[in-house]
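The values are calculated or read from the model by the stated rules, or taken from the named source; none is laboratory data. Please read these numbers as outputs of a predicted model, since none were measured by experiment. No Cβ is skipped: glycine too gets one built from the backbone with ideal geometry, and neighbour counts run over all protein chains shown.
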Amino acid sequence: MTKGEIFAMGAEFVPVQELSKSLKAVPKNYIAPEDKVPVVTHEPGKSVPVVDLCDFNLSPEQHERVVREIASASSEWGFFQVINHGIDVTKPQKVSREFFELPKEEKLKYAAKEYGFKSDGYGSKISNAADAVQLWRDYFFLCTSPKRNLDSWPAQPLQYKEVMSGLSDDFLMLTRKILGFLSEGVGLPTDYFEKRFGVPNQSILTNYYPGCPEPDKVLGIEPHSDFGGLTLLLQDGIPGLQVLQNNTWVVVEPIPGAITINISDLLELMSNGRYQSVIHRVKVNASRPRMSIASNYSCLFDSTVAPAPELIDEDHPQLYKPVKFGDYVQEVVKKGPTGKAYMFINHDSKPEYMLLPKH
Ligand code: OGA
Ligand code: NI
């Protein structure tokens, strides 16, 4: 591979991890707009609900409880954490951390070739929007379903391909089960949402947030909602993820071994707003890097999704228009998080974060 190819995504690609090694102050283009929304942490009753999946040994009563808890968390918070889900989360975190700890030259062999979410690779910037603030985050993006191009995945650490492939399989299985609970939670047949998505389009995005000399001035990820269907997320032990709830940022406490799950835009659309794809952001730390592994499940780019006709009636008018997923992704990559306006029927309605008090 020639040098030209390595930097094909943009000559300006400098991993934040490299920047953070020498800087005492953050460069101007990384400074995020001021945000006066209060932050809440450790307040009883004010945290993302935790659902015990009991390793799926669920009695009929427990099954009912899980459906109820997941449905109410998804409509009130858009987020919940699951425990006793039966997935090994330590190996994927280990191999991913080992990848980011490799020398820069080794990682740059895998530099992503384009912005957005169409090719595997290492990068630092996803949106190409002219006014986008740079994020204090490097990433590795893997396309995991329908096709895995293992040749383009890291050859080091040696177990990387096998472990991340296994995580993709485990996440596909868990996603199907969660989609089943979510379907039942709005009174639809268990396989409803899974069928509507069709062939799974799944990706795994590992986010690496280096320590930052001025952590309060930057964001690891700006306020956004996820544009796919359902997101599964592994946090390491370090807090950073915050969810918008009643005009307050609420910290999603890392629970060892738990998986954080959030409704993404396509499920908000398909459920005609019964489930909410909620705004969240990521803060960074002064001294320690933080890493998360986020996996999104959606439909193929050329599929169109629409609100479930069963969920539209006089009391619940249709709020969203059918969208072709590929067009929607393009809109969000081009415009940043404001691209969400594309799926509303009422063009005057604004995504929640556009209403956030700033300054
Ligand atoms: C994301 C995201 C949260 C985190 O990747 O879309 O919101 O904790 N990540 O890294
Ligand atoms: Ni997100």
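What to note about this one:
- Sole residue being among the polar types (S, T, N, Q) and farther than 20 Å from Glu268 by Cβ, chosen from Ser124, Ser203: Ser124
- Evaluation of Val95 against (1) within 27 Å of Ile279 (Cα to Cα); (2) of a type in the set (Val, Ile, Thr); (3) at pLDDT 95 or above (one fails), failing number: (1)
- Screening Arg97 against (1) within 30 Å of Pro215 (Cβ to Cβ); (2) part of a loop (DSSP other than H, G, I, E, B); (3) among the charged types (D, E, K, R) leaves a single unmet condition, (2).
- Here Glu43, Glu18, Glu76 are screened, and the one residue that is under 21 Å from the mean Cα position of the chain (by Cα) and of a type in the set (Asp, Glu) is Glu76.
- Here segment 289-311 is the region considered, the condition is being assigned to a strand (DSSP E or B) and polar (S, T, N, Q), and the residue that is farthest from Ile221 (Cα to Cα) is Thr304.
- Matching residues, segment 229-245, being within 20 Å of Gly123 (Cα to Cα) and in contact with a helix residue (DSSP H, G or I) (Cβ under 9 Å, 6 or more places away or on another chain): Leu234
- Filtering segment 207-232 to residues that are more than 16 Å from ligand 1 (Cβ to nearest atom) and under 26 Å from Thr248 (Cβ atoms) leaves Glu214, Asp216, Lys217.
- Residue in segment 130-138 that is over 17 Å from the mean Cα position of the chain (by Cα), surrounded by 15 or more Cβ atoms within 10 Å (Cβ to Cβ) and more than 27 Å from Thr338 (Cα to Cα) present: no
To keep it simple, each residue is scored yes or no on (1) among the hydrophobic types (A, V, I, L, M, F, W, C); (2) more than 23 Å from Pro92 (Cα to Cα).
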residue: Gly237; (1), (2): no, no
residue: Val243; (1), (2): yes, yes
residue: Ser271; (1), (2): no, yes
residue: Arg274; (1), (2): no, yes
residue: Ser295; (1), (2): no, no
residue: Cys299; (1), (2): yes, yes
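- For segment 212-264, the set of residues classified as closer than 16 Å to Trp77 by Cα and acidic (Asp, Glu) consists of Asp226, Glu253, listed by residue number.
- Residue in segment 184-206 that is within 15 Å of ligand 1 (Cβ to nearest atom), among the small types (Gly, Ala, Ser) and either farther than 26 Å from Val305 by Cβ or modelled with pLDDT under 95 (or both) present: no
- Scoring Leu142 on the criteria (1) in contact (Cβ under 8 Å) with a residue 24 or more places away in the chain; (2) out of contact with any strand residue (DSSP E or B) (no Cβ under 6 Å at 6 or more places or on another chain) leaves a single failure, condition (2).
This table checks each residue for (1) more than 10 Å from ligand 1 (Cβ to nearest atom); (2) assigned to a loop (DSSP other than H, G, I, E, B).
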site	(1), (2)
Pro239	no, yes
Glu268	yes, no
Gly273	yes, yes
Arg281	no, no
Ala286	yes, yes
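- Of the helices (runs of 4 or more DSSP H) lying entirely inside segment 1-92, those carrying at least 2 residues that are modelled with pLDDT of 95 or more and surrounded by fewer than 19 Cβ atoms within 10 Å (Cβ to Cβ) are 60-76.
- One residue from Leu179, Leu172, Leu266, Leu205 being touching a Phe, Trp or Tyr at 6+ places or on another chain (Cβ under 6 Å) and farther than 28 Å from Val26 by Cβ: Leu179
- Residues located in segment 169-195, provided they are of a type outside the set (Val, Ile, Thr) and outside any helix (DSSP H, G or I): Gly187, Leu188, Pro189, Asp191
- Scanning segment 251-266 for residues that are more than 19 Å from Asp52 (Cβ to Cβ) and outside any loop (DSSP other than H, G, I, E, B) returns Val251, Ile263, Asp265, Leu266.
- Pairs where the first residue, in segment 210-231, is closer than 30 Å to Glu268 by Cβ and the second is assigned to a strand (DSSP E or B) and more than 11 Å from ligand 1 (Cβ to nearest atom), C-beta under 6 Å, 6+ apart: Gly228/Ser298; Gly229/Tyr297; Gly229/Ser298; Leu230/Tyr297
- Hits in segment 217-239 (condition: more than 10 Å from ligand 2 (Cβ to nearest atom), hydrophobic (A, V, I, L, M, F, W, C) and out of contact with any Pro (no Cβ under 8 Å at 6 or more places or on another chain)): Val218, Leu219, Leu230, Leu232
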